[in-house]
Amino acid sequence: MGWKTLDEIEVRGRVVLVRVDINVPMEAGRVTDATRIEKIVPTIKDILAKGGKPVLLAHFGRPKGQVVPEMSLAPLVPELSRALGVPVQFAEDCIGGPAKRAVQALVPGEVLLLENTRFHPGEEKNDPALAASMAALGEVYVNDAFSAAHRAHASTEGVARILPAAAGRLMQAELKALEAALGSPQRPLVAVVGGAKVSTKLELLSNLVARVDHLVIGGGMANTFLVAQGVEVGRSLAEREMAETARAIIAQAAEKGCAIHLPVDVVVAQELVEGAESKVVPIAACPADAMILDAGPKTVAEVEHTFEICRTLIWNGPLGAFEIAPFDAATTAAAQKAAELTRAGKLVSIAGGGDTVAALHKAGVAEDFTYVSTAGGAFLEWMEGKELPGVAALMR
Ligand code: 3PG
Ligand code: MG
């Protein structure tokens, strides 16, 4: 694997700088989804149990190198303390005097949270001087922020090059699950890629056709592939200028032996609103004035059959406009099938990305998947086959 875990570094009596991703959604000063906070609990408890002093480095929002009071991490202290069951102290800067004094005052059994690393312009520039100032606060570094590992920042990459570094429990679990999905998967391997645009997922599609046995394409981007094959899609979302690219991906897939699955029937409507009147039509019969908003039942049956003959599933992006009923039907049905096969021990299922995770929750099956990643952008970059700087820095 090339990276160390918490089992391989000494933390007893040491100040452990832990990079976490607690970039959680908030409304009116309250956390609306604490998933990312809950997920770092095992790492911090592990460090406390071994007699280490956890000092948390984290970003919040995109303050662009300036102190933006609305993006302070201070309001997260009560939620963190509740999740961890120990007192959480706060320092108003992640380096310098305030941080040093707070580290010195830290009592064993307590946790210290440092202010938003992105308040410093050097964070996103991966400034070595900022990384050195952070590193000066502790003796070892643990990265538990897989979901920020696609950023080569001072707190995700720079510090890891200065201090003895290891992966936290969440990072470890993410890397293990992802290795099982794309590194050395049990085959056949199917990927589901949905979402609005081919243009945002081009690299992803090119990487996947070379590595997976089946590729299910859904959502708006399926329309682009249909257009590329001469299918009329009416007023549907489609990137007509991407037709050539879509044909190239289809050709690449054929060459690599990857079966591409596009919709064979679709749900169409006049408008994308809750409860809109809709009908199912074969793919060749989309009315000129209608929009494709979901995959149809024949397509869902084909997707389900593909899941049945596969051993591993990796999923990013919904099959339809899942936020608005009834256009969530295909995504929900396919997610439930994947969950059922996973529960039966027939499928290893891995999902990631904000929309995908929301869709799985909506379908009530997020708990049944083998692994659901907390990452959005990092999960996508990993699926694209890119090296994540935060992970690469742990490989020494
Ligand atoms: C995220 O929520 O995507 C991560 O916390 C990374 O944040 P970023 O996209 O602002 O770099
Ligand atoms: Mg992001």
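The values are calculated or read from the model by the stated rules, or taken from the named source; none is laboratory data. Please read these numbers as outputs of a predicted model, since none were measured by experiment. Methodologically, a virtual Cβ is constructed for each residue, glycine included, from the backbone with ideal geometry; neighbour enumeration extends over all protein chains shown. Note: areas computed on protein heavy atoms with side chains; ligands, DNA, RNA excluded. Shrake-Rupley method; radii C 1.70, N 1.55, O 1.52, S 1.80 Å.
Table for the structure above
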item: Dipole moment magnitude, nearest 20 debye, region 1-136 about Cα centre, only Lys, Arg, Asp, Glu C-beta charged; result: 240 debye
item: Residue pairs, from the table 4/197; 201/362; 197/298; 45/100; 256/279, whose Cα atoms sit over 32 Å apart; result: 4/197; 256/279
item: Distance between region 204-238 and region 11-26 - C-alpha centres, whole angstrom; result: 40 Å
item: For region 256-396: rounded, prolate or oblate by the Cα gyration tensor [a/c cutoff 1.5]; result: prolate
item: Shape parameters for region 179-280, alpha-carbon atoms, Rg then Dmax in Å; result: 14.7, 45
item: Solvent-accessible area per residue, Å², over region 6-86 with all protein chains present [probe radius 1.4 Å]; result: 47 Å²
item: Linear extension gain, residue 92 paired with residue 325, 0.36 nm per residue minus alpha-carbon span; result: 79.4 nm
item: Spin-label pair residue 244/residue 273, simplified geometry with 7 Å Cα→Cβ offset, distance in nm; result: 4.0 nm
item: Accessible surface ranking that places the most exposed of 255, 302 first, with a 1.4 angstrom probe; result: 255, 302
item: D_trans [Stokes-Einstein, Kirkwood Rh over alpha-carbon pairs] for region 112-237, 10 °C, 1.306 mPa s, µm² s⁻¹; result: 89 µm²/s
item: Cα-derived Rg to Rh of region 99-156, Kirkwood definition; result: 0.97
item: Largest to smallest accessible area among 141, 371 [probe 1.4 Å]; result: 371, 141
item: Packing-based order for 357-369, 107-119, using average beta carbon neighbours within 10 Å, highest first; result: 107-119, 357-369
item: D_trans [Stokes-Einstein, Kirkwood Rh over alpha-carbon pairs] for region 81-185, 10 °C, 1.306 mPa s, µm² s⁻¹; result: 106 µm²/s
item: Tail beyond 11 Å, pair distance distribution of region 354-396 (Cα, percent); result: 70 percent
item: Kirkwood Rh, Cα atoms: Rg over Rh of the chain; result: 1.02
item: Cross-link reach list, aspartates and glutamates versus residue 39, counting only Cα pairs under 15 Å and skipping chain neighbours closer than eight places; result: 21, 79, 144, 174, 367
item: Protection-proxy order for peptides 92-105, 273-286, each taking the mean of Cβ atoms within 10 Å per residue, highest first; result: 92-105, 273-286
item: Rounded, prolate or oblate (a/c below 1.5 giving rounded, otherwise prolate when a/b exceeds b/c) for region 18-128 by Cα gyration tensor; result: oblate
item: Qualifying lysines (Cα of each under 17 Å from Cα of residue 125; at least 8 residues distant if same chain); result: 64
item: Label point 7 Å beyond Cα of residue 384 along Cβ direction - residues of region 114-158 with amide nitrogen under 18 Å; result: 146-153
item: Sites residue 264 and residue 49 - FRET efficiency at Förster radius 56 Å, r taken between beta-carbons, to 0.05; result: 0.55
item: Cα centroid separation - region 79-115 against region 317-396, whole Å; result: 33 Å
item: 222 nm mean residue ellipticity, helices alone, for the chain (DSSP H n ≥ 4; -39,500 (n - 2.57); rounded to 500); result: -10000 deg cm²/dmol
item: Approximate shape of region 170-216 as ellipsoid semi-axes (Cα gyration tensor, √5λ), whole Å, largest first; result: 21, 14, 9
